[in-house]
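The values are calculated or read from the model by the stated rules, or taken from the named source; none is laboratory data. As the structure is a computational prediction, the values presented were derived from the model and not from experiment. Positions of Cβ are generated from backbone atoms using ideal geometry, with glycine treated the same way; all protein chains shown enter the neighbour counts. Heavy atoms of the whole protein, side chains included, go into the accessibility calculation; ligands, DNA and RNA do not. Shrake-Rupley method; radii C 1.70, N 1.55, O 1.52, S 1.80 Å.
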Amino acid sequence: MAAGGEASAARAHHGLWPYVQMARVDHWFKNAFMLAGVILALFVEPALLRLDVVPVLLLALLSTCLVASSNYVLNELLDASYDRKHPVKKHRPAAAEKVRRRYALAEWLALGALGIGLGLLVNRLFAATALSLWVMGVVYNVKPIRSKELPYLDVLSESINNPIRLLLGWLPLIQDRVPPISLVFSYWMVGAFFMALKRFAEYRTIGDRATAISYRRSFKHYNEERLLVSVFFYAIAAALFAGVFIVRYHLELILGIPVGAGFLAWYLKLGLQPDSPVQNPERLYRERGFLVYSVVCLAVFVMLMFVRIPALYEAFNVDLVKTAPLWVIER
């Protein structure tokens, strides 16, 4: 059968749904990491808390989601031969040969172009940052770099999407400054903590080292001990960078440290479970207790970001960078 005939047969049998699946719309929740950038921008410029910024933020969110979907399509297409060796991912459309390569490549380019094009409607800096998110998808998946096959660099190059998303939340509101670098690095290390724990859970679930290596080449270096040590390193680094941000910019957040530590500890507990749910973060909504606690953490973070408690400054003898709060708690 000619190539065109094969393509027609594939479309007739599977339709468009496999291509929709490759875009992984259910993973769009990860773009909630943009929210920290939005909150930070409103902390720096409280006057931006207006209804007229909502359409711009929604456009920024849609742009980011489309670029992320472009990266998911590329990831699945280039990982098909490896996914066939995974007990669950072998059912993905590309691994199950439900899509045509040329159409998947066209989908990858179209989603990326549309996402970055919408980003230009937000502003140029936002579009350039959206482009960097797309480029990191290429770095992560495409040879000769294909960073996902390099131990530690796989985690760091994937988790750098966290601070990129922080910028994607910040830039629709503020373009003449960048967020504090201490927070950017903390956000990066939190993402690395999540990703390293995902690697650990994957390794344990596969259960056989030879099979794990055939699925993901970085597992040739990794083992459970090395992955857990890296998880610990990323968590400590995230905490230290967050501490720098808190002491320099907003001491009130020190009251949220126990809540944040509880969040990381709970996530670690989930990561240590057999067939851990952290392998598929998009399904963590099934962990109802953790989901509720995550909402509580967000509420505490938002509340502390926009409040001032002068007694803390006296107790810790700290003079912070001055940023006007939305309200002040007087003694």
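So here's what we get for this one:
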{"read-out": "Highest-MSF residue in the chain out of ALA60, ALA261, ALA212 [GNM, Cα springs under 10 Å]", "value": "ALA261"}
{"read-out": "Charged-residue dipole, Cβ positions (Lys, Arg, Asp, Glu), the chain about Cα centre, Debye nearest 20", "value": "880 debye"}
{"read-out": "Apportionment of accessible area to carbon and sulfur, segment 74-162, percent (1.4 Å)", "value": "67 percent"}
{"read-out": "Scattering profile of the chain at q = 0.07, 0.13, 0.15 Å⁻¹ [log10 I(q)/I(0), Debye over alpha-carbon scatterers]", "value": "-0.32, -1.05, -1.33"}
{"read-out": "1.4 Å probe accessible area per residue over the chain, in Å²", "value": "49 Å²"}
{"read-out": "Whether segment 98-171 is rounded, prolate or oblate, judged on the alpha carbon gyration tensor where a/c under 1.5 counts as rounded", "value": "oblate"}
{"read-out": "Greater than 23 Å apart at Cα, pairs in LYS30/LYS148; LYS30/LYS98; LYS198/LYS269; LYS98/LYS220; LYS90/LYS269; LYS98/LYS198", "value": "LYS30/LYS98; LYS98/LYS220; LYS90/LYS269; LYS98/LYS198"}
{"read-out": "Normalised convex hull volume, segment 55-103, alpha-carbon set, Å³ per residue", "value": "84 Å³"}
{"read-out": "Along principal axes, Cα extents of segment 167-239, largest first, whole Å", "value": "51, 23, 16"}
{"read-out": "Orientation-averaged projected area, Cα convex hull of segment 75-124 (nm²)", "value": "4.1 nm²"}
{"read-out": "Whole-number D in µm² s⁻¹ for segment 102-237, Kirkwood Cα-pair radius fed into Stokes-Einstein, 25 °C, 0.890 mPa s", "value": "149 µm²/s"}
{"read-out": "Kyte-Doolittle at least 0.0, axis length at least 18 Å by Cα - qualifying DSSP helices, the chain", "value": "54-78, 101-122, 124-141, 181-206, 224-249, 257-271, 288-305"}
{"read-out": "Distance histogram for segment 269-318 (every C-alpha pair counted, 10 angstrom bins, percent rounded to whole numbers)", "value": "21, 32, 21, 18, 8"}
{"read-out": "Loop-located trypsin sites (Lys or Arg not before Pro) in segment 152-234, at most 12 other Cβ atoms within 10 Å (DSSP)", "value": "ARG177"}
{"read-out": "Bins of 5 Å, starting at 0 and running to the largest distance - Cα pair percent for segment 202-321", "value": "2, 9, 15, 17, 15, 13, 10, 8, 6, 3, 2, 0"}
